[in-house]
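*Asks:* Can you keep this structure in mind? I'll have questions shortly.
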Amino acid sequence: MTDSTARQDPFGLTGVRDHEEYVAALKRLAEQGRRERCVALLSETEAHVVAELLGQYALHNPAGRLNQLAATLAARLYSRLGA
C-alpha cells in the first residue's frame, strides 16, 4: 500500500469485498481502538447522540452482525458516559 493510498483509507476498509468482511474489519478496528491510548474525539453531547443513533440502528435488525456491532458500540459509549 502506498502512502497516498494509506492516507485515503487509514482504516483499511476499501479492500473489503462483502458485508461479512466489512463487519470483521470493523470489529478488528474496535479491538485495536481498545488497546490505543484514549483521546477525546467527541464531546459528551456528541457521544450521547452517536450512542443513540447506533442503538436505534441496532434495533432495526437485532440479529444482523453489523447491527450487533452497533449495539455493542452503543453500550460501550453509554458505559463510558455513565449512562
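The values are calculated or read from the model by the stated rules, or taken from the named source; none is laboratory data. Predicted model, so just to flag it, every value in this text is computed and none were measured. Methodologically, a virtual Cβ is constructed for each residue, glycine included, from the backbone with ideal geometry; neighbour enumeration extends over all protein chains shown. SASA here: full protein model, heavy atoms, side chains in, ligands and nucleic acids out. Shrake-Rupley method; radii C 1.70, N 1.55, O 1.52, S 1.80 Å.
*Asks:* In square angstrom, what is the accessible area per residue of the chain with a 1.4 angstrom probe?
*Replies:* The answer is 77 Å² per residue.
*Asks:* Also, I was wondering about something else. Please compute the contact order of the chain in relative form: average sequence separation of alpha-carbon pairs under 8 Å and at least six residues apart, divided by the residue count, as a percent.
*Replies:* Contact order relative to length: 24 percent.
*Asks:* Highest first, please rank the peptides 10-22, 31-43, 68-80, 50-62 by the mean number of other Cβ atoms sitting within 10 Å of their residues.
*Replies:* The packing order, highest mean first, is 68-80, 50-62, 10-22, 31-43.
*Asks:* Right, something else. How big, on average over all directions, is the shadow cast by the Cα convex hull of segment 27-83, in nm²?
*Replies:* 4.0 nm²
*Asks:* In the chain, carbon and sulfur make up what percent of the accessible area (probe 1.4 Å)?
*Replies:* 56 percent
*Asks:* Could you work out how much longer the chain between residue 28 and residue 48 gets when fully extended? Use 0.36 nm per residue separation minus the Cα distance between them, nm to one decimal.
*Replies:* Length gained, residue 28 through residue 48: 4.9 nm.
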